[in-house]
Amino acid sequence: MTVEEYNKAVDAYADNLYRFVLKNLRDDAMAEDIIQDSFEKLWMKLEDVSALKVKSYLFTSAYHTMIDYIRKERRYVDMDPAGYELSHSGHYSDLSELLERAIQNLPEDQRAVVMLRDYEGYSYREITEITGLTESQVKVYIYRARVYLKGYIGSMEKVI
């Protein structure tokens, strides 16, 4: 990969990468740090990474850094399982806020794969390359996440 191809990769993928990490972490500063770290890792391996594989490399690097950060933070945060809602009751008019809250309640692996698939539009094969999971695991995680989201949101009458 050349320096010119690297610069094109920054222009082409920085926003999508930032959006993916931010949706998972909901922390602007940490998302920026992870993106910067991913591009730094790419710069260090400039000669080893093919221009055709740069997108996969960047998302894989950001995904693994993000998972490490989440696991590290989990050790310091007192997780109260009673604090999570299992379903939404009553009427609610802001579907995007409801969906955001539901997505944040997903386990980290399910949240990451559903974000890659449904928000970013990656194929199952691309998600397996990014996450290091098998294609079967990716499909199962996406299925479980969608079942949870459907149960969380409930019927459309409650949302409207």
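What follows is calculated from the coordinates using simple rules that are stated; it is not laboratory data. Predicted model, so just to flag it, every value in this text is computed and none were measured. Note that we place each Cβ from the backbone using ideal geometry, even for glycine, and neighbour counts take in every protein chain shown.
Report, ordered by chain and residue number, the lysines lying within cross-link reach of Lys72, taken as a straight Cα distance under 21 Å and ignoring same-chain residues fewer than 8 apart.
List returned: Lys23, Lys41.
Which value, in debye to the nearest 20, gives the size of the charge dipole of the stretch 1-79 about its Cα centre, when Lys and Arg are +1 and Asp and Glu are -1 at the Cβ?
The dipole of the stretch 1-79 has a size of about 400 debye.
What ratio of Cα Rg to 2.2 N^0.38 Å holds for the stretch 1-79?
It is 1.15.
Please arrange Phe39, Phe20 by counting, for each residue, the other beta carbons lying within 10 Å of its beta carbon, fewest first.
Ranked by crowding around the Cβ, least crowded first: Phe39, Phe20.
Could you put Leu52, Leu17 in order, starting from the residue whose Cβ has the fewest other Cβ atoms within 10 Å?
Starting with the residue having the fewest Cβ neighbours, the order is Leu52, Leu17.
When Ile103, Ile130, Ile153 are ordered from fewest to most other Cβ atoms inside 10 Å of their Cβ, what list results?
Ile153, Ile103, Ile130
Which aspartates and glutamates have a Cα lying under 20 Å from the Cα of Lys53, excluding residues fewer than 8 positions away in the same chain?
Excluding near neighbours in sequence, the set is Glu4, Glu5, Asp11, Asp15, Asp37, Glu40, Glu120, Glu126, Glu129, Glu135.
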